[in-house]
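Working notes for the structure below.
Nothing in this text is a laboratory measurement; each read-out follows from the coordinates by a stated rule. The model shown is predicted, which means the values in this text are computed figures rather than measured ones.
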Amino acid sequence: MKKTLLAVVVLASFGMISTAMAAETATNTFQWSGSVPVVSDAAGFEIVQVGAVDFNSGSMKFANKAGVVTLESSNEIAFNVLEKAAPGARAAGDQAAYTMTLESLKLGDNEQDPTALELKIVADGVDLVRDEASTSVSKSTRLKVAAAKADKTVVATPGAMAVVQAIIKISPTVI
């Protein structure tokens with residue numbers, strides 16, 4: 001009798017534990033992203049990664065305080081533009097001078113109107129403006145995503161994914 005009662009109590013407690021565990025759920029979001037490289041006819045230079053964050057691995061940190069969402073930070077994606085071949089006296093691998101033009105900025109799957117964006121791309125502390133070439137640089141460039149508003153607020157749905165993709169044209173210049 002004691003063994004039967006013990007078995008019933010043990011089996012009942014297993015049922016209660018599994019019922020309690022089944023009532024709790026947790027969710028998380030998993031994402032993979034990538035970009036298809038554009039075929040480049042620029043045989044004389046290449047864009048190379050600088051640092052640990054590759055071109056498709058930038059991340060952003062958001063905060064949500066009482067329904068007010070802010071972009072707290074994003075990591076930097078850095079690159080150099082290097083000579084591939086030796087034009088004149090320059091050696092392969094030398095830093096090239098170049099301008100940058102933001103050709104497209106997308107949030108999620110949709111290209112957004114650049115005047116209505118709440119996020120922007122910043123290169124070495126300077127906002128990139130769509131279809132406007134930057135001044136010529138001849139050093140590593142560091143890109144970040146930043147909030148367009150001074151208070152860093154953005155309109156976002158809690159739990160939603162925020163994916164930003166910028167297409168930037170690099171044009172070598174003569175130094």
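Taking a straight line from the alpha carbon of residue 106, these aspartates and glutamates sit under 18 Å away, with near neighbours fewer than eight places off in the same chain left out: 76, 118, 127, 131, 132.
Determine the alpha carbon to alpha carbon distance for each of 65/144; 65/120; 61/139; 84/139 and list only those over 18 Å.
Numbers: 65/144 23 Å; 65/120 22 Å; 61/139 27 Å; 84/139 16 Å.
The pairs that break the limit, which is 18 Å between Cα atoms, are 65/144; 65/120; 61/139.
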